[in-house]
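Presented below is the structure to which this report refers.
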């Protein structure tokens, strides 16, 4: 979507689509939210498990940014830091709650869990093409996220971690101001 400067519309459209899908599914099956991982249970365990990954990613991003003179800060950073977890939750909902959940559900076909972790991680990585370094990072990040999801099934903590890690990587490693990119057309 970058080439036509409609990223804000695309992002809003994807979020709206999945929110409508979630509301529809909850209406037909009220337990859907809990099944997918939109629950309070295991939030603490999940976030505590992910805190070292979050902190390491933040520290590496800041060190890299300062070493390569990419450590710029604006009020856009704060907005993205607060809002990106919403996009992280939607992305992880698609990868974990939809794709991996249903692959695990059909595991009667003898699909190995490690293969599911690998497959979903590859898919998440491919979504980040053409940035090869980001593809490699997101592959390993998704391996951690899906492993944690299969253990505790808490999408809130994983979405927060995704959003916070992504914010620091975007700003301080990739040198991207996502707020400006989203609203460049306006």
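Taking a point 7 Å from the Cα of residue 69 along the Cα-to-Cβ direction, the residues of the stretch 156-186 with backbone N closer than 17 Å to it are 172-176. When you work out D = kT/(6 pi eta Rh) for the chain at 25 °C and 0.890 mPa s, using the Kirkwood radius from C-alpha pairs as Rh and the Stokes-Einstein form, the result is 141 µm²/s. Judged by the mean number of other Cβ atoms found within 10 Å, the most tightly packed of the peptides 110-121, 170-181 leads the ranking 170-181, 110-121.
Note on the stretch 111-130 and the stretch 40-75: Cα centroid distance 23 Å, given to the nearest whole angstrom.
For the peptides 23-34, 150-161, residues were scored by their other Cβ atoms within 10 Å and the scores averaged per peptide; the highest-first order is 150-161, 23-34.
Bear in mind that the values in this text are calculations on the coordinates, not laboratory data. Because the structure is predicted, anything quoted here is derived from the model rather than measured. Counting neighbours? That spans all protein chains shown, and the Cβs are built from the backbone with ideal geometry, glycine included.
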